[in-house]
Amino acid sequence: MPPRFKELYKQTRSSKDSRQNRLLQEAQLRRLQREQVFMGKRLRLRAPQDSETESEYEFTASDMTGIIKGLEASCKAYLSGKHDERMDALQNLSVKLEQPSEELREFVLEGKCIELLVGFLTQADGDEKLQSLWCLTNIAASEGRLAERVLPATPHLLPLLSSSIAELTNQAAWALGNLAAEGEQMREQLYALGALAPLVSLLGAQDPVVLQTACFAVSNMARKPCSYFNRLFELDVPQVAAKQLKRFANDPECVAELAWVFAYLTAASSAQQVDCVLASGAVDVLLQCAVDAADGAPGALLIPIIRTLGNVAAGTDAQTHALVAKPGFVPLLVKYIESRASRAVEKETLWVLSSVTAGRKEDVHAMVNAGVVPDLVRIIETQDYDIKKEAAFSLLNIALVGECLEDLPNERLVREFVGFLRSQDPQLVRMGVQFIALVADDLDGGLGVLRHVEGAIDALENLVAVTEDDDTRAMVSALIDRYYGEDAEVAIEQ
Amino acid sequence: MYVPAKRRLAMDDPFFDLGNAETNIYFHIKKHPSPITIATTTTNSKNSDSDNSSSGNTSNDNSGQQAITQINKVLETNIDTQYFSFSTRTIICHEPPCQGTAHPAMSYELHYDQMHRNNCSTCNAIFPSSHWLDLHIQEYHDMFFQARIARTDGGLNYSCFLPACVEMFESAGERKEHMIDVHRFPLSFTWDLVQDGLRHAGRDDDDDDDGNDGDDECAEDMDVDLITAGFKQSLRISAPEKITFGRHEDNQYQYDHWK
């Protein structure tokens, strides 16, 4: 039977193939998003209205070659070519780069894509420069091998950082920020190419959009490990950023981005560096902004502030104390611990609290007086593993200082700590043992509560049989003997 | 032991994954910046930015909707449930003798190691680690061991309960003293753990029979028959009384082709 007319020119795809294709693309989309979500790169997505063909992210190989050929043709015909065609080609490319297909990947890795885009950067007019930068940004936001291809374009990106056109500066900084998020090697190479100083000077920008992107780029450059970390302090980044914080205190997005800069500056930094940040006055402004934040503020705007506070609190006791002394700090912690909106906020605030409760006694008193213990007990009894563990740190720290001991012999609470004994996490096991020892040794009725918890003594004995840590074993043995009282001693003499 | 200490964490510590993910998701979904046209100059940029930020959001909601829903769908199914819920999931254990008890996923592997991995296939006893299982098999299911302890000249046969310690003792009683004195085992430890494994009925608080466990199986007599009888009892397997080879006339399985 002769083929039907349609089948002569149109490639028919069976429903199975379509489905497979769609699943493949969904998987690609998922994979890509994962890289951007966890590595902190930022794609610039184009709103679907701007490009008519993208209602579904489905396209065929022939579409791709068409775009590529169009781009090459328009570059060759630059002088006589049509502006609109080139704009179309570039815009199309930037969309396709959000989730590049195999052909597009090859075009970027092996083909002339980067050269073409750089050509646009150096010769074209402003509109086309922007689109080309947009494409480079999206390539830099992809995974390792693709992002590396953008690195040679850096010398062309740097002059654009001091352009008079805000949009170009913004996009160039965005592309560099994505590159810096790629990894240590990339950051070192960017530094060697002289990217740090212009980005830092961009931190003083007047335009809030440019400021936010500059913060993104400088934060990523400040990621550790990096050999040039001290340079950030030499370039007065804390002071510049603090000044900007004061100026833009009413813009929560700007505050959040600036807070990220401070979070990276203080993360596992030396005491001197943290003191420098404290001295710049930034922490006071950040604290004030957090206090002023609306109740329904999205977690993403609070997280960088909490991260910065946590980094400072995990420093020296003096630094922790300086934080606790600031007005609004203690109530803020209590408020965020009760935060039901964002799990991340709750979790990181508990981390801050655990650092505070490991500090000076007066600081621990301050937290207890603010009423944090009932919340901690509630969290340990009801929440899931990761948050439970964080709260347990704080409660144990408070108990070991001697506070709130009367709250401890609570059967539900003890049951949770007995659960810790069965955990795979050695730190958690030690915490469980310490807590149970505290309850059984020092408190009246503590042993009685322990007897009521099902499986407690079995868990303790198991620990003795299996643990390789002598200290733990000694402690648990003493507990077991005390549990069984004097009868044990009598029996052994028989 | 546990001492309160501050924990300085690096920014790429897995602890911060949840917060980092939330921030980045927020950026990609909420902040969907619309292109500012090149035509505006820097002097106008501040004004147009404020215009954009007020009108831009509304247009973003409409135009970005499709991209947002798609990303949302992908991230919800992939990131939230699969990646982070491991720490919140519970696993239900169906291996005997657990009757469908639930365990948090984070401690399930340990539960499995302690309750189901090191079981004696001969007598179905459960041991908390492979070292205990080895000791059990050696002391209760090994006929050479029984022969060694049956000899009156003794010799060091009983090894310490801890894998790291290589001391050997002549009797279970000596070993028990070693465990208490040197390794700080509790007096009321279940000393017949080696024999019976973990018990599930729960312990009675006044179970103080900690006396003479390992000695029960020592055969004093050199007589082979007694030793053999002892083997059978300790091995707890049944073997046929008589094993014969060769064709039997009364064998019910007749091979036709032999005839």
ask   = Among A:Ala293, A:Ala249, A:Ala282, whose Cα sits farthest toward the positive end of the charge dipole of the stretch A:207-299 (+1 at Cβ of Lys/Arg, -1 at Cβ of Asp/Glu, about the Cα centre)?
value = A:Ala282
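Can you compute the charge dipole magnitude of the stretch A:229-289 about its Cα centre, using +1 on each Lys and Arg Cβ and -1 on each Asp and Glu Cβ, nothing else charged? Give it in debye, rounded to the nearest 20.
Around 80 debye, computed over the stretch A:229-289.
Just tell me how shielded A:150-161 is by partners: mean number of partner chain Cβ atoms within 10 Å of each residue's Cβ, no decimals.
On the way: counts 0, 0, 0, 0, 0, 0, 0, 0, 0, 0, 0, 0.
That works out to 0 on average.
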key: Interface residues in the stretch A:423-437 - accessible area drops by 10 Å² or more relative to the isolated chain, probe 1.4 Å   = A:Ser423, A:Gln424, A:Gln427, A:Arg430, A:Met431, A:Gln434
note = For the stretch A:194-302, dividing by residue count, accessible area per residue (probe 1.4 Å) in Å² works out to 35 Å²
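What does the structure give for A:313-326 when I average, per residue, the other chain Cβ atoms found within 10 Å of the residue Cβ?
Details: counts 2, 5, 2, 1, 1, 0, 1, 1, 0, 0, 0, 0, 0, 0.
Averaged over the peptide's residues, the number is 1.
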message = Report the Cα centroid-to-centroid distance between the stretch A:146-210 and the stretch A:263-326 in angstrom, as an integer.
response = 27 Å
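To the nearest 100 Å², how much accessible surface do chains B and A cover up together, summed over both, with a 1.4 Å probe? Each step should come with its number before you reach the end.
Working: alone 19790 and 24000 Å², together 35670 Å².
Counting protein atoms only, the buried area is about 8100 Å².
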inquiry  = At 1.4 Å probe size, with the rest of the protein present, what percent of the exposed accessible area of the stretch A:194-302 is carbon and sulfur atoms?
reply    = 54 percent
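Sort the following peptides by mean Cβ neighbour count (other Cβ atoms within 10 Å, averaged over residues), highest first: A:252-258, B:127-133, A:303-309.
On the way: A:252-258: 23.3, B:127-133: 19.4, A:303-309: 27.4.
Ranking, from highest mean packing down: A:303-309, A:252-258, B:127-133.
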query = Between A:Arg247 and A:Glu188, what is the label-to-label distance in nm when each label sits 7 Å out along the Cα-to-Cβ direction?
reply = 3.5 nm
query = What residues from the stretch A:399-432 fall in the zone where the backbone N is under 18 Å from a label point 7 Å along the Cα-to-C-beta line of B:Cys165?
reply = none
Per-residue average of Cβ from other chains inside 10 Å of A:454-467 = 5
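Taking all protein chains as present, what is the carbon and sulfur share of the accessible area of the stretch A:368-425, in % to the nearest whole number, probe 1.4 Å? Before the final figure, lay out each step's value.
Numbers: 880 of 2010 Å².
Its accessible area is 44 percent carbon and sulfur atoms.
The values are calculated or read from the model by the stated rules, or taken from the named source; none is laboratory data. What you see is a predicted model, and the numbers here were worked out from it, not measured in a lab. Neighbour counts run over all protein chains shown; Cβ positions are idealised from the backbone, glycine included. Please note that ligands, DNA and RNA were not included when accessible areas were found on the heavy atoms of the full protein model with its side chains. Shrake-Rupley method; radii C 1.70, N 1.55, O 1.52, S 1.80 Å.
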